[in-house]
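Read the structure below first, then the notes.
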């Protein structure tokens, strides 16, 4: 039986894009939480962590309200691009981002807080700006931990199911990620296809987790 590998390639693309966005936003949020004191810091930290504990159906509902066709974001997207945002692979990227961002922020914050701050003080005494200090001193010292966190975030994005199903659907050849394809195969009684896809995604996840372990600082 021929296997349709589209769900795997779609899942890899969704995970790659969501992880890239999570890395860009997550580094800024992690730096903010690790190095700044401000009113509402605990609330922001809790809000970032919230997607890790809320049921996927609740997250999916919130996303449908936020980016659905009746929301201002959904209407603006449709006005610009000529098609709805929900039930597209872009919505799957947003769904995966909900789970990858908190994981990356928590891990990156821990990495930034564990940096030897004597190097940062020395750089400040030499006149380095905060921007230069972050990119030339802090980030290189924490880069192995952050790269490991990025790999874990990618693996987490790869396996999202509940939120993706609610906001992107299960359209074959369009929005059907590998986790959704496995669910549909089981529902349809095609255990051979479900087993094949499950083994493949497990192997990919194992390779990513092995890479993450190797990236962790010794």
Within region 163-192, residues over 23 Å from the mean Cα position of the chain (by Cα) and without any contact (Cβ under 8 Å) to a residue 40 or more places away in the chain come out as 184, 185, 186, 187, 188, 189, 190, 191
What's the total number of residues in region 42-52 that are at pLDDT 90 or above and surrounded by fewer than 16 Cβ atoms within 10 Å (Cβ to Cβ)?
7
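Looking for something outside any helix (DSSP H, G or I), closer than 30 Å to residue 31 by Cα and touching a helix residue (DSSP H, G or I) at 6+ places or on another chain (Cβ under 7 Å) - is there at least one such residue anywhere in region 160-172?
Pass one, region 160-172, residues outside any helix (DSSP H, G or I): 160-161, 169-172.
Narrowing the set further to residues that are closer than 30 Å to residue 31 by Cα leaves 160-161.
Within this subset, residues satisfying the condition of being touching a helix residue (DSSP H, G or I) at 6+ places or on another chain (Cβ under 7 Å) are 160-161.
Checked against the condition, which is being outside any helix (DSSP H, G or I), closer than 30 Å to residue 31 by Cα and touching a helix residue (DSSP H, G or I) at 6+ places or on another chain (Cβ under 7 Å), region 160-172 yields at least one hit.
Take residue 108 and decide whether it is free of Cβ contacts under 8 Å to residues at least 40 places away in the same chain and either out of contact with any strand residue (DSSP E or B) (no Cβ under 8 Å at 6 or more places or on another chain) or under 16 Å from residue 59 (Cα atoms) (or both). Let's see the steps before the verdict.
Working: free of Cβ contacts under 8 Å to residues at least 40 places away in the same chain: no; either out of contact with any strand residue (DSSP E or B) (no Cβ under 8 Å at 6 or more places or on another chain) or under 16 Å from residue 59 (Cα atoms) (or both): yes.
It is false that residue 108 is free of Cβ contacts under 8 Å to residues at least 40 places away in the same chain and either out of contact with any strand residue (DSSP E or B) (no Cβ under 8 Å at 6 or more places or on another chain) or under 16 Å from residue 59 (Cα atoms) (or both).
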Residue count for region 110-140, restricted to those that are at pLDDT 85 or above and buried (at least 17 other Cβ atoms within 10 Å of the Cβ):
2
Which one of these is out of contact with any strand residue (DSSP E or B) (no Cβ under 6 Å at 6 or more places or on another chain) and surrounded by 13 or more Cβ atoms within 10 Å (Cβ to Cβ): 152, 206?
152
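The values are calculated or read from the model by the stated rules, or taken from the named source; none is laboratory data. These figures come from a predicted structure and were not determined experimentally. Positions of Cβ are backbone-derived with ideal geometry, glycine not excepted, and every protein chain shown enters the neighbour counts.
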